[in-house]
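Asker: Pasting a structure here, questions to come.
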There are 4 protein chains.
Amino acid sequence: MIKVSIIGSTGYAGIELVRLLNSHPQVSISHLISHSHVGKAVSDLYPNFRHVTDKICNPLDVHAISKDSDIVFTSLPHGKSDTIVQFLHKEGIKVIDLSADYRYQKVSTYENWYNRKHENPHLLKEAVYGLPEIYRNEIKNANIVGNPGCYGTAAILGLAPLVASKLIDQNSIIVDAKSGATGAGKSLSQGLHFCELSETMRAYKIASHRHTSEIEEILSLCSNEDIKLSFTPHLMPLKRGILCTMYANLEDSFDFNYIYDVYTNFYAKEAFIEIYNDNIIPEPKFVNGSNSCHIGFVVDERLNRIIVVSVIDNLIKGASGQAIQNMNIMFGIDETMGLDMPGWYL
Amino acid sequence: MIKVSIIGSTGYAGIELVRLLNSHPQVSISHLISHSHVGKAVSDLYPNFRHVTDKICNPLDVHAISKDSDIVFTSLPHGKSDTIVQFLHKEGIKVIDLSADYRYQKVSTYENWYNRKHENPHLLKEAVYGLPEIYRNEIKNANIVGNPGCYGTAAILGLAPLVASKLIDQNSIIVDAKSGATGAGKSLSQGLHFCELSETMRAYKIASHRHTSEIEEILSLCSNEDIKLSFTPHLMPLKRGILCTMYANLEDSFDFNYIYDVYTNFYAKEAFIEIYNDNIIPEPKFVNGSNSCHIGFVVDERLNRIIVVSVIDNLIKGASGQAIQNMNIMFGIDETMGLDMPGWYL
Amino acid sequence: MIKVSIIGSTGYAGIELVRLLNSHPQVSISHLISHSHVGKAVSDLYPNFRHVTDKICNPLDVHAISKDSDIVFTSLPHGKSDTIVQFLHKEGIKVIDLSADYRYQKVSTYENWYNRKHENPHLLKEAVYGLPEIYRNEIKNANIVGNPGCYGTAAILGLAPLVASKLIDQNSIIVDAKSGATGAGKSLSQGLHFCELSETMRAYKIASHRHTSEIEEILSLCSNEDIKLSFTPHLMPLKRGILCTMYANLEDSFDFNYIYDVYTNFYAKEAFIEIYNDNIIPEPKFVNGSNSCHIGFVVDERLNRIIVVSVIDNLIKGASGQAIQNMNIMFGIDETMGLDMPGWYL
Amino acid sequence: MIKVSIIGSTGYAGIELVRLLNSHPQVSISHLISHSHVGKAVSDLYPNFRHVTDKICNPLDVHAISKDSDIVFTSLPHGKSDTIVQFLHKEGIKVIDLSADYRYQKVSTYENWYNRKHENPHLLKEAVYGLPEIYRNEIKNANIVGNPGCYGTAAILGLAPLVASKLIDQNSIIVDAKSGATGAGKSLSQGLHFCELSETMRAYKIASHRHTSEIEEILSLCSNEDIKLSFTPHLMPLKRGILCTMYANLEDSFDFNYIYDVYTNFYAKEAFIEIYNDNIIPEPKFVNGSNSCHIGFVVDERLNRIIVVSVIDNLIKGASGQAIQNMNIMFGIDETMGLDMPGWYL
């Protein structure tokens, strides 16, 4: 059994980790750390865990965690993981960090977009971006994984085959992303109240959302070019699910089948990627509850433009499920273990 | 492996059976029958099954089903199961029927409330009402199980300990039930359109809903008295979940702890029942996605009345999960197999 | 023109007052008071008012308000209106208070249920409960109106004809109320977040909600008996609308038509009350956006019990619309002025 | 009083016309025509009209309508208005058609995108596209107005100042549109059921939606160039509201203030247009319930690209409200009459 601990276990990504790991056949949970709920049972905060786990939330004690954890998931706000990860790493513990602190190769990109100085820039070189469909080999031997952001996952998976194959004008990329409200986290906020988000829609941080830089860095690495793109996130009145609608000008008049082959070759052996070829466009309800990313696209021959739609469950493939997928890879077990459930649809 | 077939596999309860059985470690699916989608892949109708199953919907052929099925789930509209169940039973196949056709002991009650003549009244004596928390022993040896209705499950589980223990005035029972829209099924209906059900609430079939008779029959059997009660169902703007608020006058001034003991004794060994004793009232989000029923109650000393709140996922404990629980019992395997997932909460 | 000021103008009831009064042909707004948003334009907080009003939120200055207000609406948390109303009253200004502070005739009832000492108990005798369908004559000459609570309005309007006519066993009354989330107000609260209220339902304050006492006091006055009843509020995943499902045992075997006549006589000249007699049960979407209360009922002859369903828009007939209706009556203008819009339905 | 009739009065746009016209001080309704509900009272179909109107739905009789109507609104599926409008026009009745049948100047564009032959192409020259902010002068004297589509209204209002002023590369325009479900109309459809649209999002008719041609035709006329653009509509889990996120490359490094002036000059005297300049991005809840279009934008200096967000209530400014605005203009009365309500926000 892999002994895991979770730091930040009562936020939405953290509690989803608890839920998924609880059913993982090769995992036993050592510590659940929650700054704000020390001493409370997880099942008091989240009564769905009654009869399932009697784990108590502990305060952070990295020494105690080090003693009986093979791997630690850190699910903290950006900037809070930085030194905790460094300590655990020094102790020889593998870490999967769900914040942005270990996602970037270029420390300057991180520091510019997150407006803080990284305290362990040397570790960024060691850390691997935890998108298995692109960095599986590196993840296998990684000790620190920077787990991708939810928007990053959906956008990169949808665009990587196109940029890697040079099918599109890399200056023309636009990512219009729509997310459910769990993506905004659990913190109190007027704008996230039911009465303020129901029956409306909200574009936010236009041209300035931090995930822009994450998407750009990885796609640039995929294409060996310096890609810059427009990214517009929107909050929508649903709980789970991201749908990215992405636009790019085609470099040549590639037809649907040609591009379909590019996608299916790129993702040939991927258990969690599904490419659509039948005029159905994927919806979040097809993937919510699962670790899958479904991708559909339309070639607009009139404009020689491609429109790609990718969907994920932001809490699973966009956060906790992907973290577990990374853990499976790091420990050499079946990558789909604990993650092979279909979406809920209803 | 238990070989199962599902007749009516593309309605909401049917497809939930497919989803849950797909992860059941002891089950292999033989036939998926769908009258309206013959020849289509389940994953075409429900793209959440892409990459998960390539099963095709077949037309109904009871002979073919009989050959390689240990058990058949019939998930058809009321009246449609009647003769199909009879045929399968004759062939020696175990059947769990999700319609009302085999739920009643008294054929007259069924015929009055469902306004049709039962064609196999002799089989009603053999059929067992599939509520394991009350009829587990009978289910073990049953060949036909009439799987309870969703409202029936939530109401009976919430009230059975009270009526069995004679704590309440059995003429004073009121069940005010609120359901998500999946409970109304998949058929086209103006009133079920998003624009007609969002931002509203709807009481329907007041004093005339058929589940009234099911609740009354089982509670009467629990109490050895003839119980009649008010049952008011409401459609609410959510997909999954039933919450029943139930009222009854206490026969004496029983306090919370006394009644709590009655409940916990009644459900002492139940894996799927959770009784609350800490001022939290259960919500559907605690059980949605799970096979659990959570029950809380308040004793109103001012009025000497008890108010009970029970919640279930109408598609799981209220339909497909409970059917699988029954199957597990009928085949002598762990009752929680394939059903031990916590609720989703988010 | 009637000069009005609103104290507490940026909460949900307050801003609804601004919206409705803005279209009232006989009203001019003098002051908008908001403790928490001094100096901000209403249209900055609520951009729906761009191009509509450039009013600025002022701090509370009762002297300034007194100078140019014919009437003041106080829309503050319970306990905060008490002395403000007293001051304005002393200055000869009419006041409609949307809190509970001036709703009760018996100060002890208020003090027990609200757990605070009233500082102006003598004024409770002068204050009138602002439910025009019952207290229209008293409201005409009132200087202080205690505007009813949202649950109170829906429950009392649904039950008053029955208790006044002695049709029901007054010990058997149960009010099961379902409300949209605007009823819970604007204050930050985890449980009111979109992710915590969507796809779930929540019973709360069972047997202890303060509105119980308001409903009991008024119905007791209607019936000249001491009525006690069960009241269970529920939060539902919608923004606006209250639906009350109410149960009572009939004193005799009254039929539908008999009771229908009782209702229609009781509300014979009411512009905002609609009694259903055609097997349709009212829904919030029929009244949301309007000042109407729609009432339907079913006589369950099997149990000799009546089930009444009443619906209102909690922000309009349950708060701000009713306050304006009261103002119209107090100033002798057409009671429906500014309030004669149909519900939105969509 | 202007005598109006509505053909197609029980669809969602039709009934919104009834609701808004009912409060219009200069309108009296002559005939309500509904093919599918002949003989029924509007208030039976839409109980929000109880106590408001006792109008009955009549079958279509153009002669009867001609006798006592100054203007007729036709709110029928595309293709159904074509000859009805022609007849009414011949009788000298003004018509505002809410379908696409009279929106196009080029009959070939209509025929290609709507895949039917227009039977009265000569009338297209007489018909005026009913977007008052662009065609007010033409509307004044029009006898046939082709009322814009909902997507068309939101997109054109958001982009017209940019294309008219040549600020953007007209080959780079992308319109990513998100709509509430009322935009999909009232017809029965599995995909529009609450259970199928709640907690999901749906891109549809990518690169092939008919409104593309309407947006392109009008913007081309605004710019005197042949504009082609990408238009992707999405259904979202809300009832009302359209939010268009629009992207275009700037022709030069124009800054926010420069572009803000272009917008405010373009819409200098418009009562229903609001341009944002304060880092707030408009949301549907700001305009739902009103006839307003709110427009915000961000200049992405990094990419020299502009992102524009426009929002409307699809049933009001996107359909029925705009139709009434056109009627007001055609009859020389105050353009805002009956339409000067602020958005609901809640």
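Asker: How would C:Arg202, B:Arg305 rank on accessible area, largest to smallest, probe 1.4 Å?
Answerer: C:Arg202, B:Arg305
Asker: Turning to a different aspect of this structure: Would you give the gap between the C-alpha center of the stretch A:49-81 and the C-alpha center of the stretch B:192-259, rounded to a whole Å?
Answerer: 41 Å
Asker: If I take every Cα pair under 8 Å that is 6 or more residues apart in chain A, average their sequence separation and divide by the length, what percent do I get for the relative contact order?
Answerer: 17 percent
Asker: Rolling a 1.4 Å sphere over the protein heavy atoms, what is the accessible area per residue of the stretch C:1-148, to the nearest Å²?
Answerer: Counting only protein heavy atoms, the per-residue value for the stretch C:1-148 is 40 Å².
Asker: Whenever you get a sec, compute what percent of the accessible area on the stretch A:151-312 sits on carbon and sulfur atoms (1.4 Å probe).
Answerer: 43 percent
Asker: Sticking with the crude label model, points 7 Å out along Cα→Cβ, report the distance from A:Asp340 to B:Lys125 in nm, one decimal please.
Answerer: That separation, rounded to one decimal, is 4.7 nm.
Asker: Under the convention of a label 7 Å out along Cα→Cβ, give the distances in nm from A:Ser253 to the same position in every other copy, shortest first.
Answerer: 3.8, 8.4, 9.0
Asker: Mind checking the stretch C:104-176 for trypsin sites (Lys or Arg not before Pro) that DSSP puts in a loop (not H, G, I, E or B) and that have at most 11 other Cβ atoms within 10 Å?
Answerer: Passing both the DSSP loop test and the Cβ count: C:Lys117.
Asker: From the helices alone, meaning DSSP H stretches of at least four residues, give me the mean residue ellipticity at 222 nm for the protein assembly as shown, per-run term -39500 (n - 2.57), in deg cm²/dmol to the nearest 500.
Answerer: -8500 deg cm²/dmol
Asker: Let me ask something else about it. Just name one of C:Tyr267, C:Ser213, C:Val163: the one whose Cα is farthest towards the positive end of the charge dipole of the stretch C:151-312 (beta-carbon charges, Lys/Arg +1, Asp/Glu -1).
Answerer: C:Ser213
Asker: Still on this model: Modelled label-to-label distance, A:Thr83 and D:Phe331, 7 Å Cα→beta-carbon offset: nm?
Answerer: With each label placed 7 Å out from Cα toward Cβ, I get 7.3 nm.
Asker: While we're on this one: From the gyration tensor of the Cα coordinates in the protein assembly as shown, what semi-axes in whole Å does the equivalent ellipsoid have, largest first, with each one equal to sqrt(5λ)?
Answerer: Three semi-axes, in Å: 44, 44, 33.
Asker: Suppose accessible area is computed on protein heavy atoms with a 1.4 Å probe; arrange A:Lys94, A:Lys178 from highest to lowest.
Answerer: A:Lys94, A:Lys178
Asker: Which GluC sites (Glu not before Pro) from the stretch D:202-271 combine a DSSP loop assignment with at most 14 other Cβ atoms within 10 Å?
Answerer: Of the GluC sites (Glu not before Pro), the ones in loops of the stretch D:202-271 whose Cβ has at most 14 other Cβ atoms within 10 Å are D:Glu225.
Asker: Give, rounded to the nearest 20 debye, the magnitude of the charge dipole that the stretch D:151-312 has about its Cα centre when Lys and Arg contribute +1 at Cβ and Asp and Glu contribute -1 at Cβ.
Answerer: 760 debye
Asker: Of C:Pro77, C:Gly149, C:Phe286, whose Cα points farthest to the positive end of the dipole of chain C (charges on the beta-carbon: +1 Lys, Arg; -1 Asp, Glu; origin at the Cα centre)?
Answerer: C:Pro77
Asker: If you consider only alpha-carbon coordinates, what radius of gyration and Dmax does the stretch A:47-92 have, in Å?
Answerer: Values for the stretch A:47-92 (Cα only, Rg and Dmax): 13.0, 37 Å.
Asker: Quick one: length gained pulling C:Glu301 to C:Asp68 fully straight, 0.36 nm per residue minus the C-alpha distance?
Answerer: 78.1 nm
Asker: Ratio to report: Rg/Rh of the stretch A:5-132, with Cα atoms as the point set and Rh obtained by the Kirkwood method; give two decimals.
Answerer: Rg divided by Rh gives 0.99.
Asker: While we're on this one: For a Förster distance of 60 Å, can you work out the FRET efficiency between the beta-carbons of A:Asn112 and B:Asp255, rounded to the nearest 0.05?
Answerer: 0.40
Asker: Within straight cross-link reach of A:Lys166, meaning Cα distance under 12 Å, which aspartates and glutamates are found once same-chain residues fewer than 8 apart are removed?
Answerer: A:Glu225, A:Glu251, A:Asp252
Asker: Here is a further query. For the stretch C:151-312, report the accessible area per residue in Å² (1.4 Å probe, heavy atoms, rounded to an integer).
Answerer: Here the residues of the stretch C:151-312 average 27 Å² of exposed surface.
Asker: Turning to a different aspect of this structure: At 1.4 Å probe size, what's the solvent-accessible area of A:Asp334? Round to the nearest 10 Å².
Answerer: In the full protein context, A:Asp334 sits at about 90 Å².
Asker: A:Asp44 label points, 7 Å along Cα→Cβ, one per copy: pairwise distances from this copy to the rest in nm, shortest first?
Answerer: Those separations, rounded to one decimal, come out as 4.2, 5.4, 5.9 nm.
Asker: Once Rh is set to the Kirkwood radius over Cα pairs, what Stokes-Einstein translational diffusion coefficient, in µm²/s, holds for the stretch A:151-312 at a temperature of 37 °C and a viscosity of 0.692 mPa s?
Answerer: 202 µm²/s
Asker: Ok, one more. Quick one: if the Förster radius is 25 Å, what FRET efficiency do B:Asn137 and B:Thr264 give, using the C-beta to C-beta distance and rounding to 0.05?
Answerer: That gives a FRET efficiency of 0.75.
Asker: Give me the compactness ratio for chain C, meaning the Cα radius of gyration over 2.2 N^0.38 Å.
Answerer: For chain C, the normalised Cα radius of gyration is 0.96.
The values are calculated or read from the model by the stated rules, or taken from the named source; none is laboratory data. The structure displayed is predicted, hence computed values, not measured ones. Counting neighbours? That spans all protein chains shown, and the Cβs are built from the backbone with ideal geometry, glycine included. For accessibility, only protein heavy atoms count, side chains too; no ligands or nucleic acids. Shrake-Rupley method; radii C 1.70, N 1.55, O 1.52, S 1.80 Å.
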